[in-house]
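The next block holds one structure in the form of structure tokens; read it before the comments.
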Amino acid sequence: MDKSIDFDLRHGDWDWVDSTGDPNHSQKLMNHNRVKFSRSIRLSSDGASDLYRIWGILYAEINDYPRSLLKLGKALAMDPGSAIVLEAFGKTLNGLEKYEEALIYFKKALKLNPSSFMTHKGLLQTLEGLKQGYELFYEELLKENPKSKDSSDFHFAKAEALAKSNEHIAAFASYQKAIEITPDHHFKHFRYAMALYRKFCLNEALFEFERAAALEPTYKDAHNNVAFLKYNLGQIPEAIEILEGIIENELENFITFPNMILFQYHLHQNEDVIEPYLEKFKAGLDSECSEIKRAYTEDLELTEKMLKEAFDETTRDFYLKKINSIKFMLSLLDKLKN
């Protein structure tokens, strides 16, 4: 693809994004980009299919599904063997609630690329719309594509989609199958651990995080999550010791210093103990504040659910202190940011 055409494509792709939440504004941006896409398609010989695909996806994003199908249809006519176009077509048909037709396109897409997470995710939405059980469907799918049964990536993509759809038990089985086929893949252990943590399976999640860290010693997120799981299991001094090792070995990520403050505050319930870590915490705020806030807000919601399921006074007391400590962290973030 010509560089100027590629620039137009990327420029159009970004220009349309709307942060106002106003559908009329989104439509205006779409109209603005129509000129760019039309120009690029006229100039392009080998990249028109990609341009039509992205144009179709943008129409789907503003719920203009008929125009989306028109553009995606042109993309598909130019490149009938494209899994990514087939997937986009299926997602647009989902938007129109034409689930039986969508199923045809998702099955074709999976045959071409069985390890596409986005295709599995769209497919689950289709099956939900059809009121069809995913287990039976996947059994049939594996009969049609027997090679997928031995593909770790197929099972991993399925697991990720199931986890996103809150089908956690089924997701666990697919993660386990993916790991059974490729036991030394650190990222698959890490994602399985994340799914386990969200269902409060803390000891199992810790084991998987430790496995991911052992398989990839430079994987910062795994090491930091080992510390966080130790903290969640009430092993706060050990969690602090792990963070100290992370800092010493330069394995910090965006949450290392915030977590050090969280753990210290939880343990001592005293703001004085956090002073040594504040400067480094402040240093990362400009670029990471929203991500830190999102992580703690999500964890606060999970902890409140854990509190409801706490079975003894010691566990309840731990979660109450953790909730108090997270709220302290969120208020500290607001104070430092302002």
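The values are calculated or read from the model by the stated rules, or taken from the named source; none is laboratory data. Keep in mind that this is a model prediction, so the values were computed, not measured. Positions of Cβ are backbone-derived with ideal geometry, glycine not excepted, and every protein chain shown enters the neighbour counts.
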Determine, yes or no, whether E244 is of a type in the set (D, E, K, R), part of a helix (DSSP H, G or I) and more than 17 Å from K230 (Cα to Cα). no
Consider P66 carefully, then state whether it is outside any helix (DSSP H, G or I) and either farther than 21 Å from K164 by Cα or out of contact with any Pro (no Cβ under 6 Å at 6 or more places or on another chain) (or both). no
Condition check: more than 13 Å from N232 (Cβ to Cβ), in a helix (DSSP H, G or I) and within 24 Å of the chain's Cα centre (by Cα). Does K335 satisfy that? no
Scope the range 174-192; condition assigned to a helix (DSSP H, G or I), surrounded by fewer than 16 Cβ atoms within 10 Å (Cβ to Cβ) and either free of Cβ contacts under 8 Å to residues at least 12 places away in the same chain or more than 18 Å from the chain's Cα centre (by Cα) (or both); matching residues: Q176, E180
Single residue of the range 277-306 satisfying the filter (modelled with pLDDT of 85 or more and of a type in the set (K, R)) that is farthest from K327 (Cα to Cα): K305
On the given criteria, is L130 farther than 21 Å from I57 by Cα, surrounded by fewer than 19 Cβ atoms within 10 Å (Cβ to Cβ) and hydrophobic (A, V, I, L, M, F, W, C)? yes
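Does the range 54-82 hold any residues that are of a type in the set (G, A, S), within 21 Å of S115 (Cβ to Cβ) and surrounded by 17 or more Cβ atoms within 10 Å (Cβ to Cβ), and which are they? Before you say what the answer is, go through the steps one by one.
Restricting attention to the range 54-82, the residues satisfying the condition of being of a type in the set (G, A, S) are 56, 60, 68, 73, 75, 77, 81-82.
Pick out the ones that are also within 21 Å of S115 (Cβ to Cβ) and you get 81-82.
Residue satisfying the conditions is S82 alone.
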Being assigned to a loop (DSSP other than H, G, I, E, B) and under 24 Å from K188 (Cβ atoms) is the requirement here; does S148 meet it? no
What tally of residues in the range 78-110 results from selecting those that are of a type in the set (G, A, S), farther than 18 Å from I62 by Cβ and part of a helix (DSSP H, G or I)? 4
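Suppose we keep only residues that are among the acidic types (D, E) and over 17 Å from K108 (Cβ atoms) within the range 58-79. Which one would you say is farthest from the chain's Cα centre (by Cα)? It would help to see each step written out before you state the result.
Residues of the range 58-79 among the acidic types (D, E): 61, 64, 79.
Retained after the next criterion (residues that are over 17 Å from K108 (Cβ atoms)): 61, 64.
Working: E61: 19, D64: 26 Å.
Here the answer is D64.
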Only one of (1) modelled with pLDDT of 90 or more; (2) within 28 Å of I179 (Cα to Cα); (3) buried (at least 18 other Cβ atoms within 10 Å of the Cβ) fails for K91. Which number is that? (2)
Might you check whether a residue that is modelled with pLDDT under 55 and in a helix (DSSP H, G or I) occurs anywhere in the range 42-63? yes
Matching residues, the range 224-243, being of a type in the set (V, I, T) and either closer than 19 Å to D317 by Cα or surrounded by fewer than 16 Cβ atoms within 10 Å (Cβ to Cβ) (or both): I236
